[in-house]
Structure formats: structure tokens, C-alpha cells
1. Does region B:493-516 hold any residues that are part of a loop (DSSP other than H, G, I, E, B), of a type in the set (K, R) and within 22 Å of B:P354 (Cβ to Cβ), and which are they?
2. When region B:243-288 is examined, which residues are found to be within 14 Å of another protein chain (Cβ to nearest Cβ) and in a loop (DSSP other than H, G, I, E, B)?
3. Residue by residue through region B:296-307, note down the ones that are free of Cβ contacts under 8 Å to residues at least 40 places away in the same chain and under 22 Å from B:A401 (Cβ atoms).
4. Take the residues of region B:1-37 that are surrounded by 13 or more Cβ atoms within 10 Å (Cβ to Cβ) and of a type in the set (S, T, Y): which is nearest to B:A236 (Cα to Cα)?
5. Out of the residues in region B:481-498 that are surrounded by 15 or more Cβ atoms within 10 Å (Cβ to Cβ) and of a type outside the set (K, R), which is nearest to B:A428 (Cα to Cα)?
6. What number goes with the only condition from (1) part of a loop (DSSP other than H, G, I, E, B); (2) over 23 Å from B:F303 (Cα atoms); (3) within 14 Å of chain B (Cβ to nearest Cβ) that A:T11 does not pass?
7. Residues A:E19, A:E44, A:E62, A:E38: which one is assigned to a loop (DSSP other than H, G, I, E, B), out of contact with any Cys (no Cβ under 7 Å at 6 or more places or on another chain) and within 10 Å of chain B (Cβ to nearest Cβ)?
8. Under 12 Å from B:L124 (Cα atoms) and either in a helix (DSSP H, G or I) or touching a Pro at 6+ places or on another chain (Cβ under 9 Å) (or both) - does that describe any residue in region B:61-71?
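The values are calculated or read from the model by the stated rules, or taken from the named source; none is laboratory data. Fair warning: this is a prediction, and the values are worked out from it, not measured in the lab. Here the Cβ is made from the backbone with ideal geometry for all residues, glycine too, and neighbour counts use every protein chain on show.
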Amino acid sequence: MQEVKATMAGTILQIEVKEGDAVTKGQVVVILESMKMEIPLEAEVDGTVNKIHGAEGDFVDEDEVLVTIQS
Amino acid sequence: MTNESTKTAYNEKLQEITARVIKGGAEKYHKKLEQQAKLFVRERLRLLFDEGNYVEDGKFANCETKDLPADGVVTATGKIDGQTVCVMANDSTVKAGSWGARTVEKIIRIQETAEKLRVPLLYLVDSAGARITDQLDMFPNRRGAGRIFHNQVRLSGVIPQLCLLFGPSAAGGAYIPAFCDIVIMVEGNASMYLGSPRMAEKVIGEKVTLEEMGGARMHCTVSGCGDVLVDTEEQAIVEARKYLSYFPGNFEGPAKFAEPRAVKEGRSLEEIIPENQNAPFNMYEAIDQLVDDNSLFEIKKLFAPEVITTLARIDGRPVGVIANQPKVKGGVLFVDSADKVTKFITLCDAFSIPLLFLADVPGFMIGTKVERQGIIRHGAKLIMAMSSATVPKISVVVRKAYGAGLYAMAGPAFEPDVCIALPTAQIAVMGPEAAVNAVYSNKIEAIADPKERIAFIKDKQQEYKEEIDIYKMASDLIIDEVVAPHNLRSVLAERFGYYETKKIMNSSRKHPVYPV
């Protein structure tokens, strides 16, 4: 199980996957917006999207879990 | 007894003692090394030096005590790629590499040798720390363990000091890596900590593993005490030899040039850098188009990856590259990024390695979390290091440099030898979106019609972009040169050549007052 976490405080700009989607290591799963920059967050393992926490437009803190991936 | 047989007896005694000493500790400790995938200290030295040749001082330290061969440390002088270097190397088969009085004296002496010869000094650390039983002889004295650290500080910036961490460096011993220019750690075996997990449990009730407390990966990713993480000891030795190929033997030595090489094959800078200021791209790909192929030696790759600090070569010349990484945390600067860049700038400046700043930075992070960490004084520390560096400095605004980000990346006010902008670069207190929000927030809120509001914002953003147009900046002599991305490498190579003779002195003060 890998938890994709917000690397810094910001807003969820785009969620690129749905629950149940197969993802590969290095694939962008969420784009965060912070300091006016788009910040891609990647899957660190091959697997299936288990759960998406939060929705586009949500404010998130650093280290908040955004997506869990079952490897 | 005849003369001949006396000689033979002497030789035999020498041979017998030497053989005992160079074998190190008891067989069971050698077995343990094997289980831990560690090499015996003398094998490490054989791999480190050219042709495995070296001379050793103090080999017979404590030779009258049978179980303390060389008193647990080998101090040697030999060559790496033709450059003389000195080495101290713990022998963990002897009392777990712990320090007794002779151990400390030997370490101090090899430091003194390196100082006199003005050659690099390598610390091959694998030690349990002080021998508590010997503390009066090795801890508090003038030539006790404290002197090792005092010497390290005195030698800092005079000769390169490297630490190869093969095992533990516990308690006071943990300051050896801390005072080195660079620490190479072997994953799984290297560790650094002031108090062991066992001590932490007893004293503060914390239960953690050794890896959590002070493992190699933790130090290379979280604490920043480690610079290069490797899988094996052989790899650590290869990395140390490679690192030294960028450095002069001492701070006054000539730069080490290599055979120039073309850049790595890949997409052009025009293709790599997106037009949208806010979109991410991979700065490594851009660096590859500016430096000689296969010339990177990255420092703290895993720590604060929102900024890249790497040694590299341009047309064979060693340079230190500091580049924001927009792909990670938007390239925003944090407390850790400031630590990383500060150490790297002081390292390069100390050994006259010119600096290349590649700016694509939205600024320093904001918010309560970083304010409480003291981001302002950390930023000040970085800016002080950059500002004090007297080596040639080239500042390139790759895409954007906002706010204090411009200052941190050697902006025009900090006397870079040249401030270059790519045609797409933006320099401003803040980006257009933030600026329009800041200036017109009341007006924007007062517009009821959403369409009209968006049109107003777009209009003001456009106005702002024109205000910070790069040719306007060039016209006002804020930046010195606008360069097409495909010409950037050759411009850098040519300019670093011209700046070779740069010599500036700061005032005769002792030193600035460091902000941290």
C-alpha cells in the first residue's frame, strides 16, 4: 500500500485517476496547486487506486494523504 | 649467538608483530564483517588508493597489548588518481573501532600530516565511539578527541575533507562526518546518532529502530547529514575517488580540468521548458543540455529535492550548479533547501569552483509552518553564503525568478558576473496572478458580473506581464544579456573562461555575523 501525500500545503487542482484504476510507478495521480505552481504527485509503485481522499478544489495540508494505492 | 642469527631474530620479531597487527582483530569479528557485507579496513584501503599502495604511520600503536592491533585505526598516506591524500580508517574488528588514547593521537597526527602536506583527508569511519574505560586518556585533554574536531574546523576550506561512513559513528564520533565537506553513506550499515536507540529508550522513553534513529537513508533524505547514499562499500570508494576529481588538492591548488565532452543527446531547451510559467518540467533534463555528458556529481540528491545542487563540467571545467526543480514542490525554497544550497555554495567557493545558478523559482514558501521553522533566517543564511561567495557566479533566469527567490539565485544586486535571461524569463516581486490579486482585490470583489470580473483580471494580468517584459528589463540594464536557449551552453562555456582571472576580496573584517 502506498499513500500519495501532499508534499506541501496547497489546493487539489486535478485528480487524474479514479478508484479502481490501474496505475504504474511514476504516473501522475494528482496535481496540487501551491504558490501558483502546478505540482505533480506521482505513484511510487505499480498498483490499483484503492481510495481517493478529498476532491478538486479542497485545501490540503502538507503530508495529508490524497490517494492510496494497493500494490 | 652469531651476528647473523641476531639479525634473523630481529627480523622474525618484526615479521611476527607486523603479521599480528595487519590481521586486525579476532577471527570472530572478521566473520561478523562478512555477515554485514563489510570489508576489512586494509581491503578498503587497497581499493581506495592507486594500485593499492600506501605508507602507514603508527602501525605498532599499542602493539604490546595483544588485542589492540594499531589501536583500532589505520592512518595512511597514498595516492588517488595521482593526487597524494591522507586517510584515517577505523578497524571495527578491534574493539568495534572504538577510540582509545593512541587511536585519538593517531587521528590527530594524520590530520597534522594532511595539513602540512596540504592534501585531501579522508575519514573512513566505522566506530562505536569512545572507550569509556580510557576516557581520562582520550576525552577531555588538549590532545583528546575534541582536538580532532578542532582540527577538522581549522582544516575546513583548506583541504577537502571527506567522510566515507561504513558503519556507526556514534555520540561524539558523529561530529567527524558533520565537519566533513561530504559524507558518503553505505545503506544498511552506516549510521549516525548522538544517543543509540538503547540509550534513547532508557533516558527519554523513546522506542525506535537504529535505522529510524540514524540510518543512512534517513540521514540522506530527512536530516541532511548525509550527502551520497550508496549500496556497497566498493561503490562508496568509487564515489569518493570520483568526487576528488572535481577538486584541487587544497584551496590554492589549480582547478582539475577533464577532457571536454558534448552534452547528452536529448530534447532541446526550447522543447523542455514549457511556455506556461506554472507548469512543471524536469530541471535535470535542462541541466543535461548545458553540461558535459556524464559529468554530474550530485550532492544531497535525496534531500530537499526541490533544489538541485550538483558538481558538473562545462567544456571540461568543473562548475557547481544550483538549480530549482519545478517538478518537485514547484521549485519553491524551504528551510531544508536553504541548508542544502548554503553548504554547497560554501563548498564550491572554498575550493574556487565557479557557480552556475539556474533560476526557476516562485520564491520562498509562505505559511505558519515555515515561519515557525524560521524560514526568514534560513533564507538570510542562504543569501549571505551566495552573496559572500567570491568565485565566478553566473545567474541564469531560466523561466521565472520571483521575490526573494531572485535574490537567493544570485540576482542582479548580488554581483553575479553576468545575469542572463532566456527570452521567456520573468522577473518580478510576484507572478502576474498573485500580483493582480494583491493590488486589485477590492476592485475584483466589487465586480458583480463573473464574466466582467474574469475579463478585468485577464486585462490587468496582461498589463502586468508587459510591465515585467524581459526586454524592458534588458533595456533598463537590470539583466545583462538575453540568450537563445540553444546558445546558452556555448555562452556559459565562453564566459566561465573569461571569468577565470576573477579576484575580489571581501573587506578585512574577520567574518560576517551568520544569521543562524
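1. We begin by selecting, within region B:493-516, every residue part of a loop (DSSP other than H, G, I, E, B); these are B:502-516.
If we keep only those that are of a type in the set (K, R) too, we end up with B:502-503, B:509-510.
Scanning region B:493-516 gives B:K502, B:K503.
2. Within region B:243-288, B:P274, B:E275, B:N276, B:Q277, B:N278, B:A279, B:P280, B:F281, B:N282 meet the criteria.
3. B:P305, B:E306, B:V307 - these are the residues of region B:296-307 that are free of Cβ contacts under 8 Å to residues at least 40 places away in the same chain and under 22 Å from B:A401 (Cβ atoms).
4. It comes out as B:Y29.
5. First, pick out the residues of region B:481-498 that are surrounded by 15 or more Cβ atoms within 10 Å (Cβ to Cβ): B:482-483, B:485, B:488-489, B:491-493, B:495-496.
With the extra rule that they be of a type outside the set (K, R), the set shrinks to B:482-483, B:485, B:488, B:491-493, B:496.
Values: B:V482: 16, B:V483: 19, B:P485: 21, B:L488: 22, B:V491: 25, B:L492: 24, B:A493: 28, B:F496: 27 Å.
Across region B:481-498, the extreme among qualifying residues is B:V482.
6. (1)
7. Working: A:E19 fails: within 10 Å of chain B (Cβ to nearest Cβ); A:E44 fails: within 10 Å of chain B (Cβ to nearest Cβ); A:E38 fails: assigned to a loop (DSSP other than H, G, I, E, B).
Selected residue: A:E62, the only one of A:E19, A:E44, A:E62, A:E38 that is assigned to a loop (DSSP other than H, G, I, E, B), out of contact with any Cys (no Cβ under 7 Å at 6 or more places or on another chain) and within 10 Å of chain B (Cβ to nearest Cβ).
8. The initial filter retains those residues of region B:61-71 that are under 12 Å from B:L124 (Cα atoms), namely none.
Within region B:61-71, none of the residues are under 12 Å from B:L124 (Cα atoms) and either in a helix (DSSP H, G or I) or touching a Pro at 6+ places or on another chain (Cβ under 9 Å) (or both).
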